[in-house]
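The structure appears right after this line, and notes come after that.
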Amino acid sequence: MRAWLSVYLKGVFMGAADAVPGVSGGTIALITGIYERLVGAIAAFDPAVLADLPRAYDARARARIAETVRAMDVAFLAVLGAGVLTAIVGVTGVVAGVEESSPAVLFAFFFGLIAASAVVLWGEVRLDTRDERAAAIAGLVGAFLLAGESAGAAVPHAPPVLFVAGGIAISAMILPGVSGSLLLILMGQYVYMSNALHEFIAELVAIARGGALEAALGPAIAVASFVAGAAVGILTFARVVKWALATRRQVTLTFLVALMVGALRLPAARILTAEGAWPVERVAATVLAGLAGAVAVLLIDRYTDDLEYVDEDPAEPTPAPGTD
């Protein structure tokens, strides 16, 4: 139970990061030693198994289903996913409220999170070859441009748009340094989806108490569209990441850490452009928030697995989840 609790808490940290614009859950997965296990488990999904589900009465079909479940490390994904969902539901509302009241403090905390994550993983960076240097430049410049402020015109919230937004956001969420929430902001969907999620949960509670189903229809369609896009996106993109780690591991890790450094542009810009006077108390609160973010990452790194843990062969006996 202690080992599974560790996995759940890592999911909570990931979900909290995913819900924060400018921070990536992939960063937390990387520094807590579960990144490659997570990507490998997701990439192990074989769409062909869906055809076997209606024929589960057949022994061969059951065997293929069982093999897919084993390869996907389903127990690990379920516990981790429960932690992610717990945090996302709890954090999105808090982030929206704090961003409105104290944006400088909030983004100083984000800056500390990202900066400390880059420092923790700096040992994974190599600049010895031309490919590694090119990967570092591409990651740094790409994230820097992506994290730039977006003036963006108003965008619709139709189900097809939310489907595409879900696919793009979830793909970014498994990349360290690239924030899916940031992309949702750039696409004009972050606030809308946060409100839709909380409205959907509130309506489910109301239905359980005897309320009408019709009130939940609107937010339910929005959430379902987004989740469907996210499912397609993560099952597709995880294969790309797994291939990159398997064939060009060092170049890929250098690229991922460079993404984190480039992503620092967003919280830095939000701090510098925060409106209002800057008395000593506000400066102190902003500095302390940045230090708190950095300390949080250092503590996570100190008390969780390191980057070397990789479940390379699910067929072999694996360590208890959350342990070296």
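For this structure, a couple of remarks:
- The residue 55 and residue 2 beta-carbon pair, evaluated with R₀ = 41 Å, returns a calculated FRET efficiency of approximately 0.55.
- Considering only 285, 230, 212, the Gaussian network model of the chain with Cα springs below 10 Å gives its largest mean-square fluctuation to 212.
- Enclosed volume per residue, in Å³, of the convex hull spanned by Cα atoms of the stretch 113-239: 138
- Alpha-carbon Debye profile of the stretch 187-228, log10 I(q)/I(0) at 0.14, 0.22, 0.23 Å⁻¹: -0.30, -0.66, -0.71
- Solvent-accessible area of the stretch 197-257 (1.4 angstrom probe, protein heavy atoms only): carbon and sulfur portion equals 73 percent.
- What you get for the stretch 89-248, charging only the Cβ of Lys and Arg (+1) and of Asp and Glu (-1), is a dipole of about 520 debye around the Cα centre.
- Positive minus negative residues near residue 289 (Lys, Arg vs Asp, Glu; Cβ under 13 Å): 0
- Counting only protein heavy atoms and a probe of 1.4 Å, the accessible surface of the stretch 1-143 is 69% carbon and sulfur.
- Dividing the Cα radius of gyration of the chain by 2.2 N^0.38 Å, with N the residue count, gives 1.03.
- Longest to shortest principal axis, alpha-carbon extents of the stretch 259-301, angstrom: 35, 22, 8
- Computed over the stretch 42-99, the convex hull of the alpha-carbon atoms projects to a mean area of 5.4 nm².
- Charge dipole (debye, nearest 20) of the chain; +1 at Cβ of Lys and Arg, -1 at Cβ of Asp and Glu: 240
- Among 82, 228, 56, residue whose mean-square fluctuation peaks in a GNM of the chain (springs only between Cα atoms under 10 Å): 56
- Look at the dipole of the stretch 1-56 built from charges on Cβ: of 6, 49, 24, the Cα furthest out on the positive end belongs to 6.
- Residue 64 contributes an accessible area of around 100 Å² to the protein surface, as traced by a 1.4 Å probe with all chains present.
- Local electrostatic count, residue 66, Cβ distance below 15 Å [Lys/Arg +1, Asp/Glu -1]: 0
- Potential lengthening of the chain between residue 208 and residue 85 amounts to 42.2 nm, from the contour at 0.36 nm per residue minus the alpha-carbon distance.
- Charge tally around residue 84: other residues with Cβ under 11 Å, Lys/Arg +1 each, Asp/Glu -1 each, net 0.
- Translational D in µm²/s for the stretch 103-144 (Stokes-Einstein at 4 °C, 1.567 mPa s, Kirkwood Rh from C-alpha pairs): 109
- Average accessible surface area per residue within the chain, 1.4 Å rolling probe, Å²: 49
The values are calculated or read from the model by the stated rules, or taken from the named source; none is laboratory data. Note that the structure is a prediction, hence the values are computed from the model and not measured. FYI the Cβ positions are ideal-geometry reconstructions off the backbone, even for glycines, and counts take in every protein chain you see. Please note that ligands, DNA and RNA were not included when accessible areas were found on the heavy atoms of the full protein model with its side chains. Shrake-Rupley method; radii C 1.70, N 1.55, O 1.52, S 1.80 Å.
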